[in-house]
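The values are calculated or read from the model by the stated rules, or taken from the named source; none is laboratory data. Model, not experiment: these values are computed from the prediction. Reconstructed Cβ throughout: ideal geometry from the backbone, glycine too, with neighbour counts over all protein chains shown.
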Amino acid sequence: MTDTAPQPRVLIFDTTLRDGEQSPGATMTHDEKLEIASLLDEMGVDVIEAGFPIASEGDFQAVSEIARNSRNSTICGLSRANVKDIDRCWEAVRNAKSPRIHTFIGTSPLHRAIPNLSMDQMAELIHETVTHARNLCDNVQWSAMDATRTEYDYLCRVVEIAIKAGATTINIPDTVGYTYPFESANLIRMLLERVPGADSVIFSTHCHNDLGMATANSLAAVEAGARQIECTINGLGERAGNAALEEVVMAMRVRNDILPYETGIDTTKIMHLSRRVSTVSGFVVQPNKAIVGKNAFLHESGIHQDGVLKNVETFEIMKPEHIGLTAKNIAMGKHSGRAALRAKLKELGFDLGQNQLNDVFVRFKALADRKKEVYDEDLIALAADQAANA
Ligand code: KIV
Ligand code: ZN
(Lines give C-alpha, C1' and ligand atoms only; values in the text may rest on other atoms or scores of the structure.)
(Ligands and ions follow the chains in the order given, each with its own letter.)
Protein backbone atom coordinates (compact mmCIF):
# COMPACT_ATOMS: atom_id res chain seq x y z
CA MET A 1 0.00 0.00 0.00
CA THR A 2 1.16 3.49 -0.77
CA ASP A 3 -0.44 6.73 0.31
CA THR A 4 0.81 8.61 -2.78
CA ALA A 5 -2.06 10.47 -4.46
CA PRO A 6 -2.75 9.30 -8.02
CA GLN A 7 -1.24 11.55 -10.65
CA PRO A 8 -3.51 13.44 -13.04
CA ARG A 9 -4.20 11.54 -16.24
CA VAL A 10 -3.28 12.34 -19.84
CA LEU A 11 -5.60 10.49 -22.22
CA ILE A 12 -4.05 8.55 -25.07
CA PHE A 13 -6.04 8.76 -28.33
CA ASP A 14 -4.68 6.34 -30.89
CA THR A 15 -5.36 7.08 -34.55
CA THR A 16 -3.27 4.30 -36.15
CA LEU A 17 -6.40 2.94 -37.81
CA ARG A 18 -7.47 6.33 -39.22
CA ASP A 19 -4.59 8.84 -39.68
CA GLY A 20 -2.05 5.97 -39.69
CA GLU A 21 -3.92 4.06 -42.33
CA GLN A 22 -4.01 7.24 -44.46
CA SER A 23 -0.26 6.77 -45.15
CA PRO A 24 0.10 5.90 -48.81
CA GLY A 25 0.41 2.11 -49.01
CA ALA A 26 -0.50 1.39 -45.38
CA THR A 27 -3.98 0.02 -46.07
CA MET A 28 -4.98 -2.77 -43.68
CA THR A 29 -7.54 -5.52 -44.17
CA HIS A 30 -10.72 -5.74 -42.11
CA ASP A 31 -9.34 -8.55 -39.94
CA GLU A 32 -6.02 -6.75 -39.44
CA LYS A 33 -7.88 -3.64 -38.24
CA LEU A 34 -9.89 -5.73 -35.81
CA GLU A 35 -6.74 -7.34 -34.44
CA ILE A 36 -4.93 -4.00 -33.98
CA ALA A 37 -8.00 -2.46 -32.30
CA SER A 38 -8.21 -5.38 -29.89
CA LEU A 39 -4.50 -5.02 -29.01
CA LEU A 40 -4.90 -1.27 -28.48
CA ASP A 41 -7.90 -1.85 -26.24
CA GLU A 42 -5.94 -4.43 -24.23
CA MET A 43 -2.96 -2.07 -23.95
CA GLY A 44 -5.12 0.58 -22.25
CA VAL A 45 -5.57 3.18 -25.00
CA ASP A 46 -8.33 5.55 -23.84
CA VAL A 47 -9.73 6.38 -27.27
CA ILE A 48 -9.32 4.40 -30.49
CA GLU A 49 -10.05 6.33 -33.67
CA ALA A 50 -11.15 3.32 -35.69
CA GLY A 51 -11.63 4.95 -39.10
CA PHE A 52 -13.56 7.38 -41.26
CA PRO A 53 -16.96 5.70 -41.69
CA ILE A 54 -18.18 7.75 -44.69
CA ALA A 55 -14.94 7.12 -46.63
CA SER A 56 -15.91 3.62 -47.79
CA GLU A 57 -18.19 0.71 -47.01
CA GLY A 58 -15.08 -1.16 -45.78
CA ASP A 59 -14.23 1.60 -43.31
CA PHE A 60 -17.83 1.71 -42.11
CA GLN A 61 -17.89 -2.04 -41.52
CA ALA A 62 -14.52 -2.01 -39.72
CA VAL A 63 -15.50 0.87 -37.40
CA SER A 64 -18.87 -0.79 -36.68
CA GLU A 65 -17.31 -4.12 -35.76
CA ILE A 66 -14.54 -2.54 -33.68
CA ALA A 67 -17.28 -0.59 -31.83
CA ARG A 68 -19.31 -3.75 -31.17
CA ASN A 69 -16.23 -5.63 -29.90
CA SER A 70 -14.85 -2.82 -27.74
CA ARG A 71 -14.20 -3.63 -24.08
CA ASN A 72 -12.53 -0.70 -22.36
CA SER A 73 -11.60 1.95 -24.92
CA THR A 74 -13.87 4.67 -26.25
CA ILE A 75 -14.41 4.09 -29.99
CA CYS A 76 -14.36 7.12 -32.19
CA GLY A 77 -15.03 7.72 -35.89
CA LEU A 78 -14.07 10.73 -37.98
CA SER A 79 -16.52 12.90 -39.91
CA ARG A 80 -16.28 16.11 -41.88
CA ALA A 81 -18.45 19.10 -41.01
CA ASN A 82 -21.69 17.92 -42.59
CA VAL A 83 -24.77 16.12 -41.37
CA LYS A 84 -24.39 13.14 -43.73
CA ASP A 85 -20.84 12.36 -42.50
CA ILE A 86 -21.83 12.80 -38.87
CA ASP A 87 -24.90 10.54 -39.19
CA ARG A 88 -22.84 7.82 -40.87
CA CYS A 89 -20.19 8.11 -38.17
CA TRP A 90 -22.79 7.80 -35.43
CA GLU A 91 -24.30 4.73 -37.12
CA ALA A 92 -20.85 3.10 -37.04
CA VAL A 93 -19.85 3.92 -33.46
CA ARG A 94 -23.22 3.88 -31.67
CA ASN A 95 -22.92 0.27 -30.48
CA ALA A 96 -19.64 0.82 -28.69
CA LYS A 97 -19.72 0.72 -24.89
CA SER A 98 -18.40 4.25 -25.07
CA PRO A 99 -18.87 5.94 -28.49
CA ARG A 100 -17.42 9.26 -29.66
CA ILE A 101 -18.13 11.35 -32.77
CA HIS A 102 -15.12 13.30 -34.03
CA THR A 103 -15.96 16.11 -36.45
CA PHE A 104 -13.50 18.55 -37.99
CA ILE A 105 -13.04 21.45 -40.37
CA GLY A 106 -9.97 23.33 -41.61
CA THR A 107 -9.95 26.75 -39.95
CA SER A 108 -6.78 28.38 -41.36
CA PRO A 109 -7.00 30.89 -44.24
CA LEU A 110 -5.74 28.25 -46.69
CA HIS A 111 -8.34 25.74 -45.56
CA ARG A 112 -11.19 28.26 -45.42
CA ALA A 113 -10.50 29.08 -49.06
CA ILE A 114 -11.22 25.52 -50.24
CA PRO A 115 -14.97 25.50 -49.49
CA ASN A 116 -14.84 29.26 -50.07
CA LEU A 117 -16.47 30.09 -46.74
CA SER A 118 -16.22 33.44 -45.01
CA MET A 119 -15.18 33.49 -41.35
CA ASP A 120 -18.81 34.02 -40.32
CA GLN A 121 -20.12 31.27 -42.57
CA MET A 122 -17.59 28.80 -41.20
CA ALA A 123 -18.43 29.79 -37.62
CA GLU A 124 -22.11 29.13 -38.33
CA LEU A 125 -21.31 25.74 -39.89
CA ILE A 126 -19.26 24.75 -36.82
CA HIS A 127 -22.17 25.68 -34.57
CA GLU A 128 -24.64 23.62 -36.67
CA THR A 129 -22.50 20.51 -37.07
CA VAL A 130 -21.29 20.28 -33.48
CA THR A 131 -24.86 20.83 -32.25
CA HIS A 132 -26.03 18.04 -34.56
CA ALA A 133 -23.31 15.66 -33.36
CA ARG A 134 -24.06 16.45 -29.72
CA ASN A 135 -27.75 15.72 -30.24
CA LEU A 136 -26.70 12.19 -31.24
CA CYS A 137 -23.87 11.49 -28.80
CA ASP A 138 -22.75 12.75 -25.39
CA ASN A 139 -19.10 12.48 -26.35
CA VAL A 140 -18.15 14.84 -29.20
CA GLN A 141 -14.68 15.86 -30.30
CA TRP A 142 -14.24 18.87 -32.53
CA SER A 143 -10.99 19.56 -34.39
CA ALA A 144 -9.79 22.82 -35.92
CA MET A 145 -7.71 21.34 -38.73
CA ASP A 146 -4.54 23.37 -39.38
CA ALA A 147 -5.09 25.13 -36.04
CA THR A 148 -1.42 26.08 -35.80
CA ARG A 149 -1.74 28.23 -38.96
CA THR A 150 -5.09 29.77 -37.96
CA GLU A 151 -5.34 33.40 -36.78
CA TYR A 152 -5.38 33.31 -32.95
CA ASP A 153 -8.48 35.54 -32.62
CA TYR A 154 -10.44 33.42 -35.06
CA LEU A 155 -9.29 30.19 -33.42
CA CYS A 156 -10.50 31.48 -30.03
CA ARG A 157 -13.83 32.43 -31.59
CA VAL A 158 -14.50 29.03 -33.21
CA VAL A 159 -13.26 27.03 -30.21
CA GLU A 160 -15.74 28.97 -28.05
CA ILE A 161 -18.54 28.22 -30.54
CA ALA A 162 -17.69 24.50 -30.55
CA ILE A 163 -17.68 24.40 -26.73
CA LYS A 164 -21.03 26.22 -26.52
CA ALA A 165 -22.49 23.81 -29.11
CA GLY A 166 -21.57 20.88 -26.88
CA ALA A 167 -18.10 19.62 -27.86
CA THR A 168 -16.51 17.79 -24.94
CA THR A 169 -12.99 17.56 -26.42
CA ILE A 170 -11.33 20.30 -28.45
CA ASN A 171 -8.48 19.11 -30.64
CA ILE A 172 -5.80 21.53 -31.82
CA PRO A 173 -3.98 19.82 -34.69
CA ASP A 174 -0.62 20.77 -36.09
CA THR A 175 -1.80 19.29 -39.37
CA VAL A 176 1.32 20.01 -41.40
CA GLY A 177 3.92 19.55 -38.64
CA TYR A 178 4.81 23.23 -38.81
CA THR A 179 4.96 24.32 -35.21
CA TYR A 180 7.83 24.57 -32.70
CA PRO A 181 7.50 23.19 -29.15
CA PHE A 182 7.35 26.64 -27.52
CA GLU A 183 4.61 27.68 -29.98
CA SER A 184 2.68 24.49 -29.33
CA ALA A 185 2.71 25.26 -25.60
CA ASN A 186 1.84 28.95 -26.10
CA LEU A 187 -1.12 28.08 -28.29
CA ILE A 188 -2.71 25.75 -25.73
CA ARG A 189 -1.98 28.18 -22.91
CA MET A 190 -3.51 31.07 -24.89
CA LEU A 191 -6.70 29.07 -25.62
CA LEU A 192 -7.07 28.01 -21.98
CA GLU A 193 -6.67 31.61 -20.85
CA ARG A 194 -8.81 33.36 -23.44
CA VAL A 195 -11.69 31.07 -24.37
CA PRO A 196 -14.73 31.19 -22.05
CA GLY A 197 -15.65 27.66 -20.95
CA ALA A 198 -12.22 26.26 -21.83
CA ASP A 199 -11.92 24.73 -18.37
CA SER A 200 -15.03 22.60 -18.97
CA VAL A 201 -13.53 20.58 -21.87
CA ILE A 202 -10.45 18.50 -22.56
CA PHE A 203 -7.88 20.06 -24.87
CA SER A 204 -6.17 17.64 -27.19
CA THR A 205 -2.99 17.83 -29.22
CA HIS A 206 -2.54 16.17 -32.63
CA CYS A 207 0.92 16.66 -34.09
CA HIS A 208 2.40 15.64 -37.41
CA ASN A 209 6.10 15.00 -37.82
CA ASP A 210 7.09 16.94 -40.96
CA LEU A 211 9.95 18.68 -39.13
CA GLY A 212 10.61 15.80 -36.72
CA MET A 213 9.00 17.66 -33.79
CA ALA A 214 5.70 15.78 -33.31
CA THR A 215 6.66 14.18 -30.00
CA ALA A 216 8.25 17.36 -28.60
CA ASN A 217 5.23 19.42 -29.68
CA SER A 218 2.77 16.97 -28.09
CA LEU A 219 4.64 17.00 -24.78
CA ALA A 220 4.93 20.79 -24.84
CA ALA A 221 1.15 20.98 -25.31
CA VAL A 222 0.66 18.73 -22.27
CA GLU A 223 2.98 20.90 -20.24
CA ALA A 224 0.72 23.85 -21.13
CA GLY A 225 -2.53 22.09 -20.21
CA ALA A 226 -3.57 19.67 -22.98
CA ARG A 227 -4.91 16.45 -21.46
CA GLN A 228 -5.22 14.24 -24.55
CA ILE A 229 -2.45 13.25 -26.96
CA GLU A 230 -3.33 11.92 -30.41
CA CYS A 231 -0.74 9.54 -31.73
CA THR A 232 -0.09 6.36 -33.71
CA ILE A 233 1.94 3.21 -33.22
CA ASN A 234 5.41 3.59 -34.80
CA GLY A 235 4.40 7.17 -35.73
CA LEU A 236 2.58 5.82 -38.77
CA GLY A 237 0.69 8.54 -40.64
CA GLU A 238 0.41 10.88 -43.59
CA ARG A 239 3.73 12.12 -45.03
CA ALA A 240 6.33 11.99 -42.19
CA GLY A 241 3.70 10.55 -39.85
CA ASN A 242 2.11 11.45 -36.52
CA ALA A 243 3.48 11.64 -32.99
CA ALA A 244 4.50 8.10 -32.04
CA LEU A 245 2.50 6.59 -29.17
CA GLU A 246 5.51 4.73 -27.81
CA GLU A 247 7.56 7.95 -27.70
CA VAL A 248 5.04 10.17 -25.91
CA VAL A 249 4.10 7.45 -23.44
CA MET A 250 7.68 6.44 -22.61
CA ALA A 251 8.81 10.09 -22.41
CA MET A 252 6.17 10.68 -19.74
CA ARG A 253 7.14 7.48 -17.94
CA VAL A 254 10.91 8.05 -18.01
CA ARG A 255 10.72 11.79 -17.25
CA ASN A 256 7.78 11.74 -14.89
CA ASP A 257 9.72 14.33 -12.87
CA ILE A 258 9.16 16.79 -15.74
CA LEU A 259 5.61 15.82 -16.78
CA PRO A 260 3.97 14.26 -13.71
CA TYR A 261 1.04 12.63 -15.48
CA GLU A 262 -0.19 9.09 -15.74
CA THR A 263 -1.37 7.31 -18.84
CA GLY A 264 -3.40 4.14 -18.70
CA ILE A 265 -0.98 2.37 -21.05
CA ASP A 266 0.49 -1.01 -20.21
CA THR A 267 3.87 -0.25 -21.76
CA THR A 268 4.91 -3.92 -21.81
CA LYS A 269 2.56 -4.35 -24.78
CA ILE A 270 4.34 -1.70 -26.88
CA MET A 271 6.84 -3.92 -28.69
CA HIS A 272 4.27 -6.49 -29.77
CA LEU A 273 1.96 -3.80 -31.11
CA SER A 274 4.83 -2.12 -32.91
CA ARG A 275 5.71 -5.38 -34.66
CA ARG A 276 2.12 -6.18 -35.59
CA VAL A 277 1.50 -2.67 -36.98
CA SER A 278 4.73 -2.85 -38.95
CA THR A 279 3.76 -6.21 -40.40
CA VAL A 280 0.17 -5.40 -41.32
CA SER A 281 0.95 -1.93 -42.69
CA GLY A 282 4.09 -3.05 -44.54
CA PHE A 283 5.98 -0.10 -42.98
CA VAL A 284 9.34 -1.30 -41.70
CA VAL A 285 10.50 0.37 -38.46
CA GLN A 286 13.86 2.07 -38.97
CA PRO A 287 16.59 0.36 -36.86
CA ASN A 288 17.42 3.52 -34.91
CA LYS A 289 13.78 4.50 -34.26
CA ALA A 290 13.31 5.68 -30.66
CA ILE A 291 11.87 3.05 -28.30
CA VAL A 292 10.92 0.36 -30.84
CA GLY A 293 13.80 0.33 -33.36
CA LYS A 294 15.88 -2.86 -33.53
CA ASN A 295 18.90 -0.97 -32.16
CA ALA A 296 17.07 1.10 -29.53
CA PHE A 297 18.52 -1.01 -26.67
CA LEU A 298 21.62 -2.45 -28.35
CA HIS A 299 25.19 -1.46 -27.55
CA GLU A 300 28.09 -2.33 -29.82
CA SER A 301 31.07 -0.27 -28.81
CA GLY A 302 33.42 -1.81 -26.28
CA ILE A 303 33.16 1.14 -23.89
CA HIS A 304 29.35 1.07 -23.89
CA GLN A 305 29.22 -2.71 -23.57
CA ASP A 306 31.64 -2.69 -20.68
CA GLY A 307 29.57 0.06 -19.04
CA VAL A 308 26.22 -1.70 -19.35
CA LEU A 309 27.71 -5.00 -18.19
CA LYS A 310 28.86 -3.30 -15.00
CA ASN A 311 25.80 -1.09 -14.52
CA VAL A 312 23.05 -1.07 -17.13
CA GLU A 313 22.08 2.52 -16.23
CA THR A 314 25.36 3.90 -17.58
CA PHE A 315 23.97 3.90 -21.11
CA GLU A 316 20.26 3.03 -20.72
CA ILE A 317 17.51 5.37 -19.50
CA MET A 318 14.78 2.75 -19.58
CA LYS A 319 14.65 -1.01 -19.35
CA PRO A 320 13.84 -3.15 -22.40
CA GLU A 321 11.36 -5.12 -20.25
CA HIS A 322 9.29 -1.93 -19.84
CA ILE A 323 8.27 -2.12 -23.48
CA GLY A 324 7.96 -5.90 -23.50
CA LEU A 325 11.40 -6.71 -24.85
CA THR A 326 13.48 -9.46 -23.28
CA ALA A 327 16.80 -7.96 -22.23
CA LYS A 328 19.31 -8.48 -25.05
CA ASN A 329 21.30 -5.32 -25.10
CA ILE A 330 24.66 -6.43 -26.44
CA ALA A 331 25.22 -6.46 -30.21
CA MET A 332 28.47 -8.21 -31.12
CA GLY A 333 30.48 -6.43 -33.78
CA LYS A 334 33.96 -5.14 -34.52
CA HIS A 335 33.75 -2.53 -31.74
CA SER A 336 32.98 -5.08 -29.03
CA GLY A 337 35.53 -5.87 -26.35
CA ARG A 338 36.68 -9.00 -24.51
CA ALA A 339 34.36 -8.43 -21.51
CA ALA A 340 31.31 -8.37 -23.75
CA LEU A 341 32.47 -11.49 -25.58
CA ARG A 342 32.96 -13.34 -22.30
CA ALA A 343 29.48 -12.28 -21.06
CA LYS A 344 27.84 -13.18 -24.36
CA LEU A 345 29.48 -16.61 -24.51
CA LYS A 346 28.42 -17.27 -20.94
CA GLU A 347 24.83 -16.38 -21.87
CA LEU A 348 25.14 -18.88 -24.74
CA GLY A 349 26.38 -21.62 -22.40
CA PHE A 350 30.20 -21.40 -22.90
CA ASP A 351 32.30 -20.70 -19.83
CA LEU A 352 35.77 -20.45 -21.43
CA GLY A 353 39.12 -20.24 -19.68
CA GLN A 354 41.31 -17.19 -20.35
CA ASN A 355 43.42 -18.81 -23.09
CA GLN A 356 40.42 -20.22 -24.90
CA LEU A 357 38.69 -16.87 -24.64
CA ASN A 358 41.75 -15.13 -26.11
CA ASP A 359 41.76 -17.49 -29.10
CA VAL A 360 38.05 -17.07 -29.72
CA PHE A 361 38.45 -13.29 -29.38
CA VAL A 362 41.05 -13.17 -32.17
CA ARG A 363 38.83 -15.21 -34.50
CA PHE A 364 35.76 -13.20 -33.49
CA LYS A 365 37.53 -9.90 -34.39
CA ALA A 366 38.55 -11.30 -37.77
CA LEU A 367 34.96 -12.36 -38.43
CA ALA A 368 33.57 -9.02 -37.21
CA ASP A 369 35.81 -7.21 -39.69
CA ARG A 370 34.10 -9.11 -42.51
CA LYS A 371 30.51 -9.06 -41.16
CA LYS A 372 28.44 -6.09 -39.98
CA GLU A 373 27.06 -7.99 -37.01
CA VAL A 374 28.22 -11.25 -35.52
CA TYR A 375 25.19 -13.34 -34.57
CA ASP A 376 24.75 -15.77 -31.69
CA GLU A 377 25.02 -18.66 -34.15
CA ASP A 378 28.48 -17.41 -35.29
CA LEU A 379 29.67 -17.20 -31.68
CA ILE A 380 28.33 -20.64 -30.88
CA ALA A 381 30.21 -22.04 -33.90
CA LEU A 382 33.45 -20.30 -32.85
CA ALA A 383 33.19 -21.43 -29.23
CA ALA A 384 32.22 -25.00 -30.14
CA ASP A 385 35.14 -25.21 -32.57
CA GLN A 386 37.50 -23.94 -29.89
CA ALA A 387 36.17 -26.47 -27.38
CA ALA A 388 36.53 -29.34 -29.92
CA ASN A 389 40.15 -28.43 -30.68
CA ALA A 390 41.20 -27.81 -27.09
O1 KIV B 1 -4.00 16.31 -39.07
C2 KIV B 1 -5.18 16.66 -38.89
O3 KIV B 1 -5.53 17.85 -38.82
C4 KIV B 1 -6.19 15.61 -38.79
C5 KIV B 1 -7.57 16.04 -38.42
C6 KIV B 1 -8.60 15.34 -39.23
C7 KIV B 1 -7.78 15.86 -36.96
O8 KIV B 1 -5.87 14.45 -38.91
ZN1 ZN C 1 -3.66 14.21 -38.71
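Couple of notes before you dig in:
- Any hit, region 183-201, residues being surrounded by fewer than 23 Cβ atoms within 10 Å (Cβ to Cβ), under 24 Å from L245 (Cβ atoms) and within 14 Å of ligand 1 (Cβ to nearest atom): no
- Hey, R100 of a type outside the set (A, V, I, L, M), buried (at least 17 other Cβ atoms within 10 Å of the Cβ), touching a strand residue (DSSP E or B) at 6+ places or on another chain (Cβ under 9 Å) and in a helix (DSSP H, G or I) or not: no
- Qualifying residues in region 57-76 (those that are assigned to a helix (DSSP H, G or I) and aliphatic (A, V, I, L, M)) - the one nearest to P99 (Cα to Cα): A67
- For region 24-40, a residue qualifies if it is over 19 Å from N242 (Cβ atoms) and outside any loop (DSSP other than H, G, I, E, B), and the qualifying residues are H30, D31, L34, E35, S38.
- On inspection, A162 qualifies as part of a helix (DSSP H, G or I), at pLDDT 95 or above and crowded, with 22+ Cβ neighbours inside 10 Å.
- Restricting region 146-157 to residues that are assigned to a helix (DSSP H, G or I), out of contact with any Phe, Trp or Tyr (no Cβ under 9 Å at 6 or more places or on another chain) and not charged (D, E, K, R), the residue that is nearest to ligand 2 (Cβ to nearest atom): A147
- Residue within region 236-247 that is modelled with pLDDT of 95 or more, under 30 Å from Y375 (Cβ atoms) and hydrophobic (A, V, I, L, M, F, W, C) present: yes
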